[in-house]
1. I9 fails exactly one of the following numbered conditions: (1) more than 21 Å from R62 (Cβ to Cβ); (2) not in a loop (DSSP other than H, G, I, E, B). What is the number of that condition?
2. Can you list residue pairs whose Cβ atoms sit under 8 Å apart, with the first residue in the stretch 149-172 being under 26 Å from G15 (Cβ atoms) and the second being of a type outside the set (K, R) and loosely packed, with under 10 Cβ neighbours inside 10 Å? Count only pairs 6 or more apart in sequence or on different chains.
3. Filter the stretch 3-19 down to residues that are surrounded by 15 or more Cβ atoms within 10 Å (Cβ to Cβ) and over 15 Å from V96 (Cα atoms), then give me how many there are.
4. Limited to the stretch 10-44, what total is found for residues that are among the acidic types (D, E) and closer than 18 Å to L170 by Cβ?
5. I'd like the full set of residues that are acidic (D, E) and either at positive phi or surrounded by 13 or more Cβ atoms within 10 Å (Cβ to Cβ) (or both), limited to the stretch 139-165.
6. One residue is enough: does the stretch 124-138 have a residue meeting the conditions surrounded by 18 or more Cβ atoms within 10 Å (Cβ to Cβ), in contact with a Cys (Cβ under 8 Å, 6 or more places away or on another chain) and modelled with pLDDT of 95 or more?
7. Identify, by number, the condition in (1) in contact with a strand residue (DSSP E or B) (Cβ under 7 Å, 6 or more places away or on another chain); (2) free of Cβ contacts under 8 Å to residues at least 40 places away in the same chain that Q108 doesn't meet.
Amino acid sequence: MASHNPLRIGVIGAGWFASRRHCPDIIAHDDAVLTAFCRRSRPELERMGSAFGVNALFTDYRDLLTSGQVDGVVICSPHNLHYEHTRAALEAGLPVLLEKPLTVDPAQGLELVQLAAAKNLVVLVAQNPPYWPHCHRLQEVIASDGIGTVETVSITWVGNALGVLGREPLPDDLPGVVPPTLFRGDRNTAGDGFLTDGGSHPSGTVDSHAA
């Protein structure tokens with residue numbers, strides 16, 4: 001049953017990944033509605049708005065936060081902007097769901113967690129493993145001594161991220177409304193190597209078992 005007052009969600013960094021994952025999920029949720037987008041490039045911003053029926057379009061995240069159009073935000077901006085965008089959203093009294101990593105600087109991440117707690121707001125990183133049923137099952141087995149004492153964990157992850165790193169051409173049939181901006185291949189925006197981005201998946205799996 002849909003809520004009488006669905007949560008109005010804005011997306012800061014409304015780009016390729018948001019168009020593939022977050023935006024469709026928000027639209028499909030009975031208790032949420034997609035109301036505002038922000039990204040710096042106006043042509044791509046308008047393409048996103050047209051694709052998802054969003055009319056409140058902003059090129060400055062501060063305008064989105066003060067627009068009165070949102071009750072919470074999803075942040076999918078480049079990693080080096082996570083701290084700035086999340087802090088501004090929390091200061092505006094808005095809960096935040098943001099893409100990994102929380103911040104590039106761990107001290108800034110702790111600051112955001114403390115700020116959210118002080119304001120009684122949610123700040124949550126969109127990590128998959130803590131919510132996967134098979135990870136829950138593994139955690140139960142480990143916690144119940146079903147496999148004995150865990151002495152070491154080895155994770156092998158095979159994939160090809162060269163396209164989003166700008167190391168090879170992206171496929172013509174890549175899903176998404178707009179193409180990736182390739183910030184992941186830039187140390188200044190990505191916060192060092194790919195471990196900061198994709199590496200958080202296997203490390204998040206380990207963290208979810210240790211929680």
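The values are calculated or read from the model by the stated rules, or taken from the named source; none is laboratory data. Fair warning: this is a prediction, and the values are worked out from it, not measured in the lab. Reconstructed Cβ throughout: ideal geometry from the backbone, glycine too, with neighbour counts over all protein chains shown.
1. The number of the failed condition is (1).
2. Matching pairs, first to second residue: G163/P169; G163/P171.
3. Of the residues in the stretch 3-19, 5 are surrounded by 15 or more Cβ atoms within 10 Å (Cβ to Cβ) and over 15 Å from V96 (Cα atoms).
4. 1
5. Listed by number, the list holds a single entry, D145.
6. Checking the stretch 124-138: not a single residue is surrounded by 18 or more Cβ atoms within 10 Å (Cβ to Cβ), in contact with a Cys (Cβ under 8 Å, 6 or more places away or on another chain) and modelled with pLDDT of 95 or more.
7. (1)
Residues checked against (1) out of contact with any His (no Cβ under 8 Å at 6 or more places or on another chain); (2) surrounded by fewer than 18 Cβ atoms within 10 Å (Cβ to Cβ); (3) not assigned by TED's automatic domain parsing to the domain that holds I12:
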site	(1), (2), (3)
T35	yes, no, no
C38	yes, no, no
R42	yes, yes, no
S50	yes, yes, no
F58	yes, no, no
S77	no, no, no
